[in-house]
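Can you keep this structure in mind? I'll have questions shortly.
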Amino acid sequence: MANIRNRKVSRLSTPTVIIAFVSLAVAISLLSYQAYRLLWRPFTGYGEVWINDRQNHQKDSFSAGDLTHFHSDNKAFEQSAPYLSSGLEAAFERGDKIFGQAFSATDGLGPLFNNSSCDACHPSDGRAQPPAGPDEPIEGGFLRVSIPGIGLYGEPLSPPGYGLQISDRAIKEVKPEAHVRIKWHDTPGVFPDGESYSLRQPEFLITDLAYGALPPDTQITLRLAPPVFGLGLLEAIPERTLLYWADPDDRDGDGISGRPNYVWDLERGGKAIGRFSWKSNAFDIRQQAATAAFNDMGINNELFLYRYDDQSRVHKTRQNCEPEQLSCLRAFDSKEFELQPDQLKDLTTYLQLLGVVYRRNMETPQVQQGMALFNKIGCEKCHKSRVITGEHEIARLENQLIRPYTDLLLHDMGEGLSGGADFDATAQEWRTAPLWGIGMTRTVNGHTHFLHDGRARNIQEAILWHGGEAEQARQKYIHLKRESRQAILKFIGSL
């Protein structure tokens, strides 16, 4: 009879089983979190909105191609583009923290500044609100000042003793450049059908000028912070497309003569087509962010480690101080970079990857009527409704069919909106503002103030301020029946 050997059956020890179970649970949790970020969060965003199926929406409602999100509440401007890779998502989150960071003097704030964080001027990544009257300070912008003349690189000249914007705040022991307030003046008007309206414009109350009087020929304009979502897609619009749209000599005879603004490229040198800010005076998002950090908050960075003065070629300082501002110059006490290179990179990525909210209520008859009238009276000639993006450093932004309702070009908007020259832009020329997301302004920011200085209290007032190249479209709008005007406003509100 064969010998049968007793074999021991190996058993895992209890601690080993526990460790294996915990490891499996951790792995499943990590996979679930990654699935949440890629599949669920693009629809829920930072709140409680849930969209069952992207296919429930018409393709034309995708304002930003597949970077469109469906989060239509008070966080609609803060959403990242859906389906970001883990690396881009991490960079986006880091940039978001920098955008919301309130800088202090110990972080490098000032010595002169307008506000202490990006978010303070762009609340919820949206549009700043102007002061209601002379009892309120400017919280989301500044007074832009310039005098006749052109700087070394084509930029406007600042008044002696001041930069190109009045810094109305300062750190301890430094005098703010001035005390600034706004007073509004209304002018009533009536449509041909009897409906009344009112347009207002600002008066600037500037007192306590700390570094000398402003010259009599100083051009002064209130500039409020615009929304920052969708910027990466605007950056990805091919330059050849902008040049194709441009018609500086109005060769087609339609009265529209858009043209690009050629600005100084801070990193590569030479002139380049600008596409950001109210007068397209910034080449790309990185340079726009670096400029705002330095001029608005006094935060130096690798693009603005030194301040040079357009009135004195020998002046050079590590802070945003003019040669005449001695208390500002004495206050220097900061690190080499107050905004580190990797922080500027993350901030840029954040701004490039903010998604755009979808278009709502498109199928309603009134919106459809308004869209047809919008095109018929000529608004679409400048507010371009469709464009395909081109090459970009972030591949996700490439080859997207987007509907930004802008051509990013300069247009003469008439004497009523005159506001200082900027590189190639004349005083009356402004960049066509993108309209996507405009209908969510009240929901996100609690107001409906538009244009560069917030003078328009609603979309209709913004239309009525259009002059110059837009005068023909304005007149057509004015002579529409009231229900037709309301249809156009409803359509714009759906964007």
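Which helices, counted as full DSSP H runs in the chain, have an axial Cα extent of no less than 30 Å and a Kyte-Doolittle average of 1.0 or above?
Span-like helices in the chain: 14-35.
Roughly how many whole Å is it from the C-alpha centroid of region 202-220 to that of region 386-405?
After rounding, the separation between the Cα centres reads 42 Å.
Once you have the Cα-Cα distance between K97 and S198, take 0.36 nm times their residue separation minus that, and quote the gain in nm to one decimal.
32.3 nm
While we're looking at this one, here's another question. When only DSSP loop residues count, what trypsin sites (Lys or Arg not before Pro) in region 124-179 have their Cβ near at most 15 other Cβ atoms within 10 Å?
Taking region 124-179 and a limit of 15 other Cβ atoms within 10 Å, the loop trypsin sites (Lys or Arg not before Pro) found are K172.
Once R0 is set to 45 Å, what does the formula 1/(1 + (r/R0)^6) return for the Cβ-Cβ distance between D73 and L326, expressed as a FRET efficiency to the nearest 0.05?
Once the sixth-power term is evaluated, E becomes 0.35.
What is the packing order of peptides 355-361, 202-208, taking the mean over residues of other C-beta atoms within 10 Å and listing the highest first? Numbers along the way, then the final one.
Values: 355-361: 23.4, 202-208: 13.1.
Highest to lowest by the protection proxy: 355-361, 202-208.
Okay, moving on. Along the Cα→Cβ direction, 7 angstrom out, place labels at Q366 and H185. What is the inter-label distance in nm?
3.6 nm
Could you pull out every Cys in the chain that lacks a partner Cys with its beta carbon under 4.7 Å away?
C118, C121, C379, C382
If you don't mind, there's one more thing I want to ask. Relative to the Cα centre, what is the charge dipole magnitude of the chain, using +1 at the beta carbon of each Lys and Arg, -1 at the beta carbon of each Asp and Glu, and rounding to the nearest 20 debye?
2060 debye
Using a ≥ b ≥ c from the Cα gyration tensor of region 343-495 (square roots of the eigenvalues), is it rounded, prolate or oblate, where a/c under 1.5 gives rounded and otherwise the larger of a/b and b/c decides, a/b for prolate?
Judged from the Cα gyration tensor, region 343-495 comes out oblate (a/c at least 1.5, b/c at or above a/b).
Still on this structure, please answer the following. For region 440-454 and region 455-495, what is the centre-to-centre distance using only Cα atoms, to the nearest Å?
Here the answer is 16 Å between Cα centres.
Same structure, new question: Based solely on C-alpha atoms, express the radius of gyration and the Dmax of region 53-126 in angstrom.
For region 53-126, the Cα radius of gyration and maximum Cα-Cα distance read 16.3, 52 Å.
By average Cβ neighbour count within 10 Å, what is the ranking of 157-168, 177-188 from highest down?
The densest-packed peptide leads the list: 157-168, 177-188.
Using a 10 Å cut-off around each Cβ, can you sort R223, R386 from fewest to most neighbouring Cβ atoms? List each step's numbers first, then the result.
Details: R223 21, R386 11.
Final ranking by Cβ density, sparse to dense: R386, R223.
With every atom except the alpha carbons ignored, what do you get for Rg and Dmax of region 396-464, in angstroms?
When restricted to Cα atoms, region 396-464 yields Rg and Dmax of 14.1, 41 Å.
Considering the Cα positions of the chain, please state its Rg to one decimal place and its Dmax as a whole number of Å.
Reported Rg and Dmax, both Å: 26.2, 120.
Please work out the Cα convex hull volume for region 245-316 and give it in Å³ per residue.
127 Å³
Then there's this: With contacts defined as alpha carbon pairs under 8 Å and 6 or more residues apart, what's the relative contact order of region 403-495 in percent?
Value for region 403-495: 29 percent.
Please compute the contact order of the chain in relative form: average sequence separation of alpha-carbon pairs under 8 Å and at least six residues apart, divided by the residue count, as a percent.
That works out to 20 percent.
Lysines near K481 by alpha-carbon distance under 19 Å, same-chain residues fewer than 8 away left out - which ones?
The qualifying lysines are K376, K490.
Rounded to the nearest 0.05, what FRET efficiency is calculated for A132 and E391 with R0 set to 45 Å and r the Cβ-Cβ distance?
Working from the Cβ atoms, E equals 0.50.
What FRET efficiency, computed as 1/(1 + (r/R0)^6) with R0 = 35 Å and r the Cβ-Cβ distance, is obtained for D252 and K59, rounded to the nearest 0.05?
That gives a FRET efficiency of 0.70.
May I pose another question? Can you compute the helix-only [θ] at 222 nm over the chain? Use -39500 (n - 2.57) per DSSP H run of at least 4 residues, normalise by all residues, nearest 500 deg cm²/dmol.
Numbers: 14 runs with 130 residues, N = 495.
Helix contribution divided over all residues of the chain: -7500 deg cm²/dmol.
Considering amide H positions built from the backbone, and no H for Pro or chain starts, which residues 5 or more places from A456, or on another chain, come under 5 Å of its amide H?
F450
Since every read-out is calculated from the coordinates, none of them should be taken as a lab result. Not measured: the values here are computed from a predicted model. Cβ: placed from backbone, ideal geometry, glycine included. Neighbour counts: every protein chain shown.
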